[in-house]
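Taking it in order: structure first as structure tokens, then the write-up.
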Amino acid sequence: MGRDVVIVGVGEVGIGRAEPTGGLRMHAQAAAAAAIDAGISLRDVDGVLTCNSYTEPYRQHSVVLAEYLGIEPHYTATLALGGASHAAMVGHAASAIATGVCDTVLIASADNPLTALSTSETVAKLAGWGHPTYELPYGPLMPAYYGLVAHRYMHGYGVIAEQIAKVAVTTRQHAALNPVAMEQKPLTIEQCLSARLIASPLRRYDCSLVSDGGGAVIVTTSERARDLGKPFVRILGVGEGHTHEYLSQARSLTTSGAATSGRRALEMAGVDHRDVDVATIYDCFTISVIALLEDLGFCAKGEGGQYVDAEGIGLDSRMPINTHGGLLSHAHPGPPGGIFHIVEAVRQLRGQCDTRQVADAEIALVHGMGGAMSTHCTLVLGGE
């Protein structure tokens, strides 16, 4: 499509419990951090992409953010794909730059539900996802939908609770090596299995955090990145796959749009599953990692639990997953959750992760997911 497009800057702010501030200001702080990392001024940005926030929703969020930052973009959009939004934004930014619509795109996302919303307000947000006729009248929250998915997996494929819990334990080990991760206390399988039940069979540590936080990514051309003299990461492949919005309308509880998005991204990148050195896979619940490992093609359908047991997903495994701690232990501020998976993948490929660094990481896979296994976008990124 023309120009070679790369990620040249990343940043994150306010992880865990942010200082009292507005969501829009957190967007600006994340954007400033990414711009400093890229070695550019925000005045150099001519494209702005974002998704809406829980605490400060705007009708035209990306336009409001651009105005707040003093940017008059040639290209802007607000994506509404839930946790898949940020990976999809990288694809949109790459297309816009490659086709000459703009030159440098800021992707920013931040929110502070932990400090700005009460428990009842947060519950109300989580209760608004369902189908207005077939789901909402029965009052399910998001954990209930993933509880259904987990029950179907366990019934159909023999996945056991210990295998699911191992996802939470391993990502907590990674979070302990990440100075900004929200939860760093050691976690055991026994603690997971005896924790408070949230939505059968999912327990407390099977569910992602409620936290504050924000992140940003700067996308530009490789030519410009070289002029800046900053390390950059190549965008090798992008794929999307969307099968449903409401879980009651899904054709399957055990196969998602990740089967399409993963295949398309890997094909575009021209790489094989065995080439992937590190992965960040959307982990709003522990069961999602097991399900997505299968749909993305790293193991056969029904073998996700065995994969976690035998292959492992820790730093000593062939392909470590969610080395920052993921949504389960690093942070999950709602809409911005997926951007941290991109930030971590970029830092891994640039060799900037200190004690959690994956040796010789050259290829990273990022997967974002929104809703109840609804929206999916996969990225394949490569080191400079």
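A few comments on the model shown:
- Residues that are of a type outside the set (A, V, I, L, M, F, W, C) and without any contact (Cβ under 8 Å) to a residue 40 or more places away in the chain, drawn from segment 26-50: Ser41, Arg43
- Set Ala28, Ala93: member being within 28 Å of Gly325 (Cα to Cα), of a type in the set (Gly, Ala, Ser) and within 17 Å of the chain's Cα centre (by Cα): Ala93
For every residue, the table says whether it meets (1) free of Cβ contacts under 8 Å to residues at least 60 places away in the same chain; (2) within 15 Å of Ala265 (Cβ to Cβ); (3) not polar (S, T, N, Q).
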{"position": "Ala331", "(1), (2), (3)": "no, no, yes"}
{"position": "Ile339", "(1), (2), (3)": "no, no, yes"}
{"position": "Val343", "(1), (2), (3)": "no, no, yes"}
{"position": "Ala364", "(1), (2), (3)": "no, yes, yes"}
{"position": "Gly368", "(1), (2), (3)": "no, yes, yes"}
{"position": "Thr378", "(1), (2), (3)": "no, yes, no"}
{"position": "Gly383", "(1), (2), (3)": "no, no, yes"}
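Residue by residue, here is whether (1) among the hydrophobic types (A, V, I, L, M, F, W, C); (2) out of contact with any Ser or Thr (no Cβ under 9 Å at 6 or more places or on another chain) holds:
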| position | (1), (2) |
| --- | --- |
| Val101 | yes, no |
| Ser118 | no, yes |
| Thr122 | no, yes |
| Ala127 | yes, yes |
| Tyr134 | no, no |
| Pro137 | no, yes |
| Pro143 | no, yes |
| Tyr146 | no, no |
| Ala175 | yes, no |
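- Helices (runs of 4 or more DSSP H) (entirely within segment 156-229) containing at least 2 residues that are in contact with a Pro (Cβ under 9 Å, 6 or more places away or on another chain) and farther than 30 Å from Ser41 by Cβ: 161-175
This table checks each residue for (1) open to solvent by less than 10 Å² (accessible area, probe 1.4 Å); (2) free of Cβ contacts under 8 Å to residues at least 24 places away in the same chain; (3) under 12 Å from Val167 (Cα atoms).
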site: Gly257; (1), (2), (3): yes, no, no
site: Val289; (1), (2), (3): yes, no, yes
site: Phe298; (1), (2), (3): no, no, no
site: Tyr307; (1), (2), (3): no, yes, yes
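- For Lys166: the one exception among (1) of a type in the set (D, E, K, R); (2) buried (at least 18 other Cβ atoms within 10 Å of the Cβ); (3) touching a Leu at 6+ places or on another chain (Cβ under 9 Å): (3)
- Number of positions in segment 344-384 that are closer than 17 Å to Val238 by Cβ and of a type outside the set (Gly, Ala, Ser): 14
- A residue that is open to solvent by 20 Å² or more (accessible area, probe 1.4 Å), closer than 27 Å to His27 by Cα and of a type outside the set (Ser, Thr, Tyr) can be found somewhere in segment 329-337.
- Counted residues, segment 81-122 - those being open to solvent by 30 Å² or more (accessible area, probe 1.4 Å), in a helix (DSSP H, G or I) and either out of contact with any helix residue (DSSP H, G or I) (no Cβ under 8 Å at 6 or more places or on another chain) or free of Cβ contacts under 8 Å to residues at least 40 places away in the same chain (or both): 7
The values are calculated or read from the model by the stated rules, or taken from the named source; none is laboratory data. Because the structure is predicted, anything quoted here is derived from the model rather than measured. Note that we place each Cβ from the backbone using ideal geometry, even for glycine, and neighbour counts take in every protein chain shown. With ligands, DNA and RNA removed, areas are computed over all heavy atoms of the protein, side chains included. Shrake-Rupley method; radii C 1.70, N 1.55, O 1.52, S 1.80 Å.
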